[in-house]
Amino acid sequence: MSKIGANTQNLPLLDQPIFKKIMALIQFLFVLVLTFLGLLAITFFIGRVIPIDPVLAVVGDRATQEIYDATRTAMGLDRPLFVQFFAYVGDVFTGDLGKSVSTGRFVADDLMRVFPATLEMATLGIFIGVVLGVPMGVYSAAKEGKWLDQVFRVLGLVGYSVPAFWIGLVGLALFYGHLGWVAGPGRVDIFYEGLVEPRTGLMLVDSLLAGEWEIFWNAISHITLPAAILGFFSLAYIARMTRSFMLEQLNQEFVTTARVKGVPEHVVLWKHAFLPIRVPLITVIGLSYAGLLEGSVMIETVFSWPGIGNYLTVALLNADMNAVLGATLVVGAVFILINKLSDVLYRVLDPRSR
């Protein structure tokens, strides 16, 4: 037996590496469950204090008092609030989010149907944001104070300042209505709807799996503009944070030493200065991705995109509280999950944080 193995076996149980890993996993899962329970509590109590009567949404405002009372009892709204909350938590953990007044279907089924559309658009948007935003931030820091830096900073300012719905409307009017470069609202043209079997819910993937190349390119034409707009907003944030991280690294002594030694500038930028910032940049990208998933309501409304944002908007207009709470819960859960995955990647890439 090796000396290292013997030393490991002689360690107390609490100091064993495998025990520490198990405890770290338990702690991670505990924090994840606790955070999710906090999200459940916030979602539930906000749903109870907003001035919308879910009973009226079901029976209508012309129902008699007897029908109203019977429906209220059937929905469990006559019970104490804490009893309603524990019942709600139990239902959520069994996958029961109630029925939607708007669609007449279970909310969980509706969310499984609409969420892939949001995921598809947000994923393409974050891809655009990363591919363009990271180089913009790197070269903006490298050319600090020069015209290239000023142009990139102005683009970032526009991405932070201009409302999403305004850019969406202008984009539709220009690129669809006037130039005809892209297709209009929706995921595909109306005569293509229902022709592809929804295996994954992702139109681009499903059309490829079905070998429907015409539908695939039609879907590309539809998703290009909304995904590009989402990518523009994420690009602004990613480029700004990348620039900030790079400015700090470019002022370090090891970067100055590399330049004095005659190391090419692109090597200085991408090897010496960029590599140390890739760890915090993962957190920035993760938060930006989660923000696209939860903040695409306006874009989906403008482009009639059948995603979770559009579903949430329709539910709010119809006072459909089961759908509102279910969609809010899913968006919050996705945000928590992406945030935790970012923390895991942070620890994997940076041994100092373990």
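Here region 69-82 is the region considered, the condition is being under 17 Å from ASN322 (Cα atoms) and part of a helix (DSSP H, G or I), and the residue that is nearest to the chain's Cα centre (by Cα) is LEU81. Can we say GLY90 is crowded, with 17+ Cβ neighbours inside 10 Å and part of a helix (DSSP H, G or I)? Criteria not met by GLY90. Just give me the residues in region 54-68 being outside any helix (DSSP H, G or I) and under 19 Å from GLY104 (Cβ atoms), in sequence order. Scanning region 54-68 gives GLY60, ALA63.
In summary, PHE82 fulfils each of the numbered conditions (1) without any contact (Cβ under 8 Å) to a residue 24 or more places away in the chain; (2) touching a helix residue (DSSP H, G or I) at 6+ places or on another chain (Cβ under 8 Å) with the single exception of condition (2). Going by the conditions given, is PHE152 in contact (Cβ under 8 Å) with a residue 24 or more places away in the chain, assigned by TED's automatic domain parsing to the domain that holds ASN310, among the aromatic types (Phe, Trp, Tyr) and under 30 Å from PHE245 (Cα atoms)? Yes, satisfied. Can you spot a residue in region 133-145 that is in a loop (DSSP other than H, G, I, E, B) and touching a helix residue (DSSP H, G or I) at 6+ places or on another chain (Cβ under 9 Å)? Yes: one or more hits. Kindly provide the set of residues from region 33-53 that are of a type in the set (Val, Ile, Thr) and assigned to a loop (DSSP other than H, G, I, E, B), ordered by number. Those that are of a type in the set (Val, Ile, Thr) and assigned to a loop (DSSP other than H, G, I, E, B): ILE50, ILE52. Could you check, for region 114-131, whether at least one of its residues is out of contact with any His (no Cβ under 7 Å at 6 or more places or on another chain) and not in a helix (DSSP H, G or I)? Looking for residues that are out of contact with any His (no Cβ under 7 Å at 6 or more places or on another chain) and not in a helix (DSSP H, G or I), one finds none in region 114-131, hence no.
Filtered by the rule that a residue be surrounded by fewer than 18 Cβ atoms within 10 Å (Cβ to Cβ), of a type outside the set (Ser, Thr, Tyr) and touching a residue at least 40 places away in the same chain (Cβ under 8 Å), region 158-183 gives VAL158, PRO163, PHE165, LEU169, PHE175.
This table checks each residue for (1) among the aliphatic types (A, V, I, L, M); (2) surrounded by fewer than 18 Cβ atoms within 10 Å (Cβ to Cβ); (3) modelled with pLDDT of 85 or more.
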position: ALA239; (1), (2), (3): yes, no, yes
position: GLY262; (1), (2), (3): no, yes, no
position: VAL284; (1), (2), (3): yes, no, yes
position: ALA290; (1), (2), (3): yes, no, no
position: SER296; (1), (2), (3): no, no, no
position: SER304; (1), (2), (3): no, yes, yes
position: GLY307; (1), (2), (3): no, no, yes
position: ASN318; (1), (2), (3): no, yes, no
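Note on region 184-213: residues that are of a type outside the set (A, V, I, L, M), part of a helix (DSSP H, G or I) and either crowded, with 17+ Cβ neighbours inside 10 Å or modelled with pLDDT of 90 or more (or both) amount to 4. From the list LEU329, LEU325, LEU341, the one residue that fits, being within 24 Å of GLY133 (Cα to Cα) and either surrounded by 24 or more Cβ atoms within 10 Å (Cβ to Cβ) or touching a residue at least 24 places away in the same chain (Cβ under 8 Å) (or both), is LEU341.
Can you pull out the residues in region 156-176 that are at pLDDT below 85 and in a helix (DSSP H, G or I)? Result: GLY156, LEU157, VAL158, GLY159, TYR160, SER161, ALA164, PHE165. Considering only region 293-313, I want to know if a residue exists there that is in contact (Cβ under 8 Å) with a residue 24 or more places away in the chain, among the hydroxyl-bearing types (Ser, Thr, Tyr), in a helix (DSSP H, G or I) and closer than 20 Å to ALA141 by Cβ. No, region 293-313 has no match at all. The numbered conditions (1) outside the structural domain of GLU197 (by TED's automatic domain parsing); (2) at pLDDT 85 or above are all true for MET112 except (1). Answer yes or no: is there a residue in region 269-276 that is farther than 30 Å from THR328 by Cβ and either outside any helix (DSSP H, G or I) or outside the structural domain of ARG347 (by TED's automatic domain parsing) (or both). Yes, because at least one residue in region 269-276 is farther than 30 Å from THR328 by Cβ and either outside any helix (DSSP H, G or I) or outside the structural domain of ARG347 (by TED's automatic domain parsing) (or both).
Exactly one residue among PHE216, PHE233 is within 16 Å of VAL130 (Cβ to Cβ), of a type in the set (Phe, Trp, Tyr), assigned to a helix (DSSP H, G or I) and assigned by TED's automatic domain parsing to the domain that holds VAL134, and that residue is PHE233.
The values are calculated or read from the model by the stated rules, or taken from the named source; none is laboratory data. Worth saying up front: this structure is predicted, and the values here are computed from it rather than measured. Because the Cβ atoms are built from the backbone with ideal geometry, glycine has one as well, and the counts that use them run over all protein chains shown.
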